[in-house]
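Bear in mind these aren't lab numbers, they're just calculated from the coordinates by the rules spelled out. Because the structure is predicted, anything quoted here is derived from the model rather than measured. Positions of Cβ are backbone-derived with ideal geometry, glycine not excepted, and every protein chain shown enters the neighbour counts.
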Amino acid sequence: MIKPRKKKTESQKLRDECDDLMREIIRKVSGNICRRCGKYHERIEWAHFIPRKYLKVRWERDNCAPLCGGCHQYLDNFSMEKDEFFYGLIGTARAFELNRIARSTSYKVDKEQIKHDLEEKLKLLEA
């Protein structure tokens, strides 16, 4: 017997909207070029250094990179190479700062504000 899907909460819908906006920003900024192999890919992926479950840095530009499916899968399977790749992009100091922010308990994520900010960034890219 197939279970019916649960309806998404408003918070989950808002998270998904922010994801869609950030994914579009990454594609526009990268021109669909993989940051690891340097090749053009029609479907570039939005890869994260710190996992997406850490909402405080989920939509931080420094926490992600445009990768092709192969490079994304490779880096997700080899954590030392992934760390080295992201440290090379953003530097170790920024990587440690993102880790600190991700684990902090000092504030709650305002997805409405994040959505607004991402919409503004996307408008600037499309102008």
Test of understanding: given the chain, find the longest segment containing no trypsin sites (Lys or Arg not before Pro) that are in a DSSP loop and have at most 13 other Cβ atoms within 10 Å. 54-107
Entries in K3/K111; K53/K123; K82/K111; K56/K108; K53/K111 that, when Cα-Cα distance is taken, lie over 19 Å: K3/K111; K53/K123; K82/K111
What chymotrypsin sites (Phe, Trp or Tyr not before Pro) in region 59-90 are in a loop by DSSP, with at most 16 other Cβ atoms within 10 Å of the Cβ? F78
Dipole moment magnitude, nearest 20 debye, the chain about Cα centre, only Lys, Arg, Asp, Glu C-beta charged: 540
So, in Å, what gap is there between the alpha-carbon centers of region 16-41 and region 88-127? 16
What base-10 log of the normalised intensity I(q)/I(0) is obtained for the chain from the Debye formula, alpha carbons as equal point scatterers, at q = 0.14 Å⁻¹? -0.69
If I take every Cα pair under 8 Å that is 6 or more residues apart in the chain, average their sequence separation and divide by the length, what percent do I get for the relative contact order? 30
Place +1 on the Cβ of every Lys and Arg and -1 on the Cβ of every Asp and Glu in region 12-116, take the dipole about the Cα centre, and give the residue among L55, S79, Y40 whose Cα lies farthest towards its positive end. L55
With only Lys, Arg, Asp and Glu charged, each at its Cβ (+1 for the first two, -1 for the last two), find how big the charge dipole of region 1-40 is about the Cα centre; round to the nearest 20 debye. 260
